[in-house]
Amino acid sequence: MIYKLIYGNPDVNSEAVIKEKRVKMLPKSEKYKIENIFEDISLKKEGKFLILEKKIEEGMIFGFGDKVGQFNRRGKQYIFWNTDNFTHHPGSEPLYKSFPFFIFINENKKYGIFTDYPGYMEIDLDSEGRNIITFKIKGEGFTQYVILEEKIDKLLKSYLYLTGKNVAFPFWSLGYQQSRWSYFSKKEVLNLAKTFREKQIPCDVIWLDIDYMDSYKLFTWNKEKFSDHKEMLEELHKMGFKVSAILDPGVKVEKGYEVFEEAKDRYFLKNNMGKDFEGAVWPGRVRFPDFTSKNVRKWWSQKVREFVKDGIDGIWNDMNEIAIFGTDEDITHAKEKLENLKLEDGIGVAGAFGEIGSIPRKDRGYEIIHLNGKKHYKLRNVYGFNMIRATQEGFQKNYRNINITRAAYSGVQRFGGVWTGDNHSWWEHILLEIQRIMSLSLVGVFNTGFDVGGFGGNTSAELMVRFMQLGSFMPLFRNHSAIGTRRQEPWTFDKKYEKILKKVIEYRYRLIPYLYSEYMLGILKDIPLIAPLFLHFENDKKTYQIDDQFMVGRSIIVAPVYKPGVKSRLVYLPKRSFDLNNNKFLNKGWHEVDATLEEIPHFAIDGSIIFMQESKQYLENSYDDEIFGKVFAYSGKAIGYFYEDDGKTNNYKKGMYNLYKFIYNHGELKIKKVREGYKHKKRNFSFEIYTKTSIEKINVEF
């Protein structure tokens with residue numbers, strides 16, 4: 001059951017919710033009480049803030065997406081105000097994204113609450129220990145959707161019913177991807193690609209950061225360093241590479257620049273004087289399209305359509321919180337601050353410099369006016385959401401692509417995916433990323449990843465290996481680093497580490513049949529590829545306390561290493577599982593397992609079948625002709641699912657895919673055709689069956 005509750009008088013629409021047929025609208029009230037789940041204590045207006053308090057029971061709270069810190073969110077206060085936060089640590093708040101949906105769990109009940117408000121909001125999850133949750137918005141009103149279900153996966157499905165299903169990325173998107181700020185020239189990009197192929201290190205995608213542009217102007221190419229970019233893109237495609245390029249929202253103010261001339265006085269955000277709002281970003285003085293406007297999105301999508309037709313395969317929407325380095329007013333204010341500043345001012349000197357240093361994170365809620373007349377503080381959190389929406393509309397309608405965004409809001413999964421922003425080459429950020437990706441899954445965003453190796457700072461060889469091992473199980477497997485940091489390409493370390501990194505990447509490619517099958521079944525059935533253990537084992541109370549392991553699909557448990565010098569680690573198995581490093585079954589419970597630098601602890605659930613293939617240099621749109629199945633049947637029984645489609649279009653939505661269920665039962669293997677909506681390619685399947693007492697082999701042509 002889904003209930004809709006309205007508080008105050010909402011005057012903005014996030015457009016996150018797209019379906020309400022199954023929603024029960026409750027009569028408007030200042031205080032609601034639902035089926036003994038919770039009851040409202042108070043609703044009050046304090047200045048520009050509307051504040052709601054709810055009484056809740058003891059229990060755990062998970063969700064909120066890309067937030068850092070503890071995985072169980074209870075006891076913390078959170079701010080929903082999309083912000084570029086470069087050096088984030090476990091206490092950083094706010095960050096780039098706003099997903100105000102959480103799941104409450106205790107022994108007696110499970111429910112979810114989605115607080116739909118696209119502007120400034122704070123949610124306090126019982127930080128005072130009084131069993132009270134507080135919702136505080138800067139605005140006139142907001143809507144809440146309360147979801148009641150018996151199982152956690154059904155809560156997630158109901159939330160996705162409201163906000164929309166995940167779009168599927170193409171088959172090749174599961175390959176390894178290489179990026180850096182920046183690859184500065186056509187020559188450097190082609191040399192990068194050739195090095196991958198010469199060293200036979202698999203790679204599918206090369207990413208282009210801001211320096212491919214002419215003076216950082218959107219939809220342009222640097223004619224000197226990227227002369228004849230079409231030729232470069234064609235050559236990369238012939239080598240088996242796809243190319244994804246960055247787009248920022250800031251449009252350079254320059255007379256004669258086509259994009260600026262088309263949009264000025266028409267499509268840009270306004271200031272309080274009714275003029276186009278201006279700020280400083282990479283190109284210098286820029287203006288910002290108002291993506292909340294349908295007309296602006298249509299204009300932007302046309303620009304994207306023209307841009308990608310030269311051969312761009314994906315887009316990376318960045319700096320769209322909106323990140324602004326400063327404005328004319330900020331510069332004037334800083335000069336006034338500094339004009340009479342002297343050392344005798346003591347702590348005032350630190351205060352002045354601190355205030356100036358915080359300008360890029362300044363609250364511009366009252367400085368910016370949207371084209372619909374609404375203040376920015378009511379719509380900021382859907383700026384990035386609407387940018388990726390507009391970008392997606394610029395791609396060919398029936399073809400899949402990579403489209404990711406740094407800033408986001410609930411419902412963004414309908415248009416693309418996300419990465420977690422500017423992480424660092426810190427050991428602590430490995431654990432941080434495990435928790436963030438799992439939390440993103442719990443708010444319905446399945447196309448996720450992080451900057452493998454760390455974006456900021458200088459990684460070490462050991463840290464790079466552990467980052468890469470974790471990244472190799474993510475939906476988006478991208479190595480990315482910042483300008484001025486040490487290089488992170490796999491061959492930039494000692495030969496010993498280059499060999500290990502190559503093997504990590506090759507193993508990713510071997511797992512593609514399993515990963516793609518589980519990924520696409522998840523897209524169809526609203527089940528995330530990456531999930532906390534409790535999503536699949538919710539009756540096991542121990543799983544709720546585990547935030548450093550995760551599920552990949554329904555059959556693999558991964559337990560990464562996130563501390564230096566570690567050679568073993570403790571893992572919890574909620575069911576008997578097969579150690580894929582040491583080739584042996586382990587019973588349910590706690591185990592200390594090997595975790596040498598060459599291996600990441602990971603396990604196959606007993607009773608499952610994992611499909612694999614030989615590693616290859618890059619992916620096309622289908623599996624190999626030879627498929628290897630590993631059957632884990634301690635007691636003699638196992639099942640596995642094999643999915644296939646064209647890998648590139650949205651025809652899967654029309655049922656144009658195949659799904660086969662492989663059933664192993666005490667020496668006999670059967671194949672059940674669950675669905676055949678696509679032309680099946682005959683392949684050779686070679687199975688290794690691991691039972692309690694033996695290893696058997698079966699070959700099947702199918």
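The values are calculated or read from the model by the stated rules, or taken from the named source; none is laboratory data. A quick note: this is a predicted structure, and the numbers were derived from the prediction, not measured. Counting neighbours? That spans all protein chains shown, and the Cβs are built from the backbone with ideal geometry, glycine included. In case anyone asks, the SASA skips ligands and DNA or RNA and just uses the protein heavy atoms, side chains included. Shrake-Rupley method; radii C 1.70, N 1.55, O 1.52, S 1.80 Å.
Select from the range 44-70 the residues that are aromatic (Phe, Trp, Tyr), under 26 Å from the mean Cα position of the chain (by Cα) and open to solvent by 10 Å² or more (accessible area, probe 1.4 Å) and list them in ascending order.
First, pick out the residues of the range 44-70 that are aromatic (Phe, Trp, Tyr): 49, 62, 64.
If we keep only those that are under 26 Å from the mean Cα position of the chain (by Cα) as well, we get 62, 64.
Of everything in the range 44-70, nothing turns out to be aromatic (Phe, Trp, Tyr), under 26 Å from the mean Cα position of the chain (by Cα) and open to solvent by 10 Å² or more (accessible area, probe 1.4 Å).
Checking each residue in the range 344-369 for being over 16 Å from ILE331 (Cα atoms) and either surrounded by 15 or more Cβ atoms within 10 Å (Cβ to Cβ) or not small (Gly, Ala, Ser) (or both) picks out GLU344, ASP345, ILE347, VAL349, GLY365, TYR366, ILE368, ILE369. Across the range 382-397, the number of residues qualifying as open to solvent by 10 Å² or more (accessible area, probe 1.4 Å) and either in a helix (DSSP H, G or I) or modelled with pLDDT under 95 (or both) comes to 4.
Here is a yes/no grid of residues against (1) at pLDDT below 95; (2) closer than 17 Å to TYR176 by Cα; (3) part of a helix (DSSP H, G or I); (4) small (Gly, Ala, Ser):
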site: SER481; (1), (2), (3), (4): no, yes, no, yes
site: LYS499; (1), (2), (3), (4): no, yes, yes, no
site: ARG508; (1), (2), (3), (4): no, yes, yes, no
site: LEU521; (1), (2), (3), (4): no, no, yes, no
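Residues in the range 280-293 that are within 28 Å of SER182 (Cβ to Cβ) and within 28 Å of the chain's Cα centre (by Cα): ALA280, VAL281, TRP282, PRO283, VAL286, ARG287, PHE288, PRO289, PHE291.
Out of all the residues in the range 24-43, which are over 26 Å from TYR161 (Cβ atoms) and either open to solvent by less than 60 Å² (accessible area, probe 1.4 Å) or part of a loop (DSSP other than H, G, I, E, B) (or both)?
GLU30, LYS31, SER42, LEU43, listed by residue number.
Residues being open to solvent by less than 10 Å² (accessible area, probe 1.4 Å) and either in contact with a strand residue (DSSP E or B) (Cβ under 6 Å, 6 or more places away or on another chain) or within 26 Å of ARG400 (Cβ to Cβ) (or both) are entirely absent from the range 665-674.
Among the residues of the range 483-497, none is identified as of a type in the set (D, E, K, R), part of a helix (DSSP H, G or I) and within 20 Å of GLY449 (Cβ to Cβ). Candidates in the range 85-129 are the residues that are in a strand (DSSP E or B) and of a type in the set (S, T, N, Q); of these, the one that is nearest to GLY457 (Cα to Cα) is SER98. Against the test of being in contact (Cβ under 8 Å) with a residue 60 or more places away in the chain and farther than 27 Å from SER481 by Cβ, the options SER441, SER425, SER410 yield a single qualifying residue, SER410.
Inside the range 299-335, can you point out the residues that are exposed (fewer than 13 other Cβ atoms within 10 Å of the Cβ) and under 30 Å from THR391 (Cα atoms)? Once the filter is applied, which keeps residues that are exposed (fewer than 13 other Cβ atoms within 10 Å of the Cβ) and under 30 Å from THR391 (Cα atoms), the range 299-335 yields GLU306, LYS309, ASP328. Considering (1) part of a helix (DSSP H, G or I); (2) open to solvent by less than 50 Å² (accessible area, probe 1.4 Å); (3) touching a helix residue (DSSP H, G or I) at 6+ places or on another chain (Cβ under 8 Å), the lone condition that LEU338 does not fulfil carries the number (2). Please go through the range 254-270 and pick out each residue that is open to solvent by 40 Å² or more (accessible area, probe 1.4 Å) and in a loop (DSSP other than H, G, I, E, B). Matches in the range 254-270: GLU254, LYS255, GLY256, LYS264, ASP265, ARG266. Looking across the range 81-103, the residues that are hydrophobic (A, V, I, L, M, F, W, C) and either surrounded by fewer than 17 Cβ atoms within 10 Å (Cβ to Cβ) or without any contact (Cβ under 8 Å) to a residue 60 or more places away in the chain (or both) come down to PHE86, PHE102.
Only one entry of GLY454, GLY471 meets the criterion of being of a type in the set (Gly, Ala, Ser) and at positive phi, and that entry is GLY454.
Can we say ASP451 is modelled with pLDDT of 95 or more and assigned to a loop (DSSP other than H, G, I, E, B)? For ASP451, the condition - modelled with pLDDT of 95 or more and assigned to a loop (DSSP other than H, G, I, E, B) - is not met.
Restricting to the range 675-702, and then to whatever is in contact with a strand residue (DSSP E or B) (Cβ under 9 Å, 6 or more places away or on another chain) and among the small types (Gly, Ala, Ser), can you tell me which residue is nearest to TYR514 (Cα to Cα)?
Out of the qualifying residues, it is SER686.
Only strands (runs of 3 or more DSSP E) whose full extent lies in the range 632-702 are considered here, and the ones with at least 1 residues that are under 33 Å from the mean Cα position of the chain (by Cα) are 637-644, 658-665, 668-676. When GLU128, GLU122, GLU149 are checked against the criterion of being under 29 Å from ASP40 (Cα atoms) and surrounded by fewer than 17 Cβ atoms within 10 Å (Cβ to Cβ), a single residue qualifies: GLU128.
Summed over the range 538-568, the residues that are open to solvent by less than 60 Å² (accessible area, probe 1.4 Å), closer than 21 Å to ASN72 by Cβ, touching a Pro at 6+ places or on another chain (Cβ under 9 Å) and not aliphatic (A, V, I, L, M) give a count of 8.
Restricting the first member to the range 603-623 and to residues that are open to solvent by 20 Å² or more (accessible area, probe 1.4 Å), and the second to residues that are aromatic (Phe, Trp, Tyr) and part of a loop (DSSP other than H, G, I, E, B), the beta-carbon pairs closer than 9 Å and six or more apart or on different chains are GLY607/TYR634; TYR618/PHE241.
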